[in-house]
Each structure stands twice: as C-alpha cells, then as structure tokens.
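Only one structure is covered here, and it is reproduced in the block below.
Just so it is clear, none of the values below were taken in a lab; they were calculated from the coordinates. All values reported here derive from a predicted model rather than from experimental measurement. A quick note on method: Cβ atoms are made from the backbone with ideal geometry, for glycine too, and the neighbour counts reach across all protein chains shown.
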C-alpha cells in the first residue's frame, strides 16, 4: 500500500515537523511505500537548516521563510535545492528511526 503525505498550510513552519511525524506514524514506515509532497520536503528541509542555525545561536539574525531566510538587514538568502533535499533526507531518516524504535517498544509492552 502506498501512503501520500501531503503538504499543509494548517501548520506554521515551526510546527511542520510535528505534522510530518504524526502523518508518518500512520504509515507502515517502509520508505518504499511513502510518497512525500515536494513542497513538504522543502519545508522540512528549511526547518532542519533553521534548527542548525538556532543551535549555533543565530536566532536573532534572521526570520524564517520557506526555502531561505530574511536577515535582520532585510537581505534574503535562499537555500539551494540540494541543501534542502539533503536536510530533508537526514530529518526523514531520523523520524523513521525514532518511530520504528517506538513501535518496537510498544510491541514489547
């Protein structure tokens, strides 16, 4: 069975990971059966970049936007499609791994 995880406008960029994890948890967690909307991949990739920047104390220097950031100076920096795809892939793998572990522990309980 194939699962389609569609994009949503019902969640902010800061909430998008929670939405994705919730949708992902309703699947069989088999990557070959899961299709993720490209626009959702871009949002998750953007969120991953922002989390990295936040971890390095750069939160006060920019505002978040999908696919890039707006610096406090007003300048816009766009992330490359390759960077966003790579960041999505890493986040996706982490989510799958965490959900798989959760399911193993639920079965044991």
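Here is how the numbers come out for the structure above:
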| item | result |
| --- | --- |
| Selection count, region 32-48, where residues are surrounded by fewer than 18 Cβ atoms within 10 Å (Cβ to Cβ) and under 15 Å from the mean Cα position of the chain (by Cα) | 5 |
| Residue in region 15-22 that is assigned to a loop (DSSP other than H, G, I, E, B) and within 12 Å of the chain's Cα centre (by Cα) present | no |
| Selection from region 53-62 of residues that are surrounded by fewer than 11 Cβ atoms within 10 Å (Cβ to Cβ) and within 20 Å of residue 12 (Cα to Cα) | 55, 60 |
| Scope region 1-13; condition surrounded by 11 or more Cβ atoms within 10 Å (Cβ to Cβ), in contact with a strand residue (DSSP E or B) (Cβ under 8 Å, 6 or more places away or on another chain) and not in a strand (DSSP E or B); matching residues | 13 |
| Unmet criterion (only one of (1) closer than 21 Å to residue 9 by Cβ; (2) in contact (Cβ under 8 Å) with a residue 12 or more places away in the chain; (3) touching a strand residue (DSSP E or B) at 6+ places or on another chain (Cβ under 9 Å)) for residue 72 | (1) |
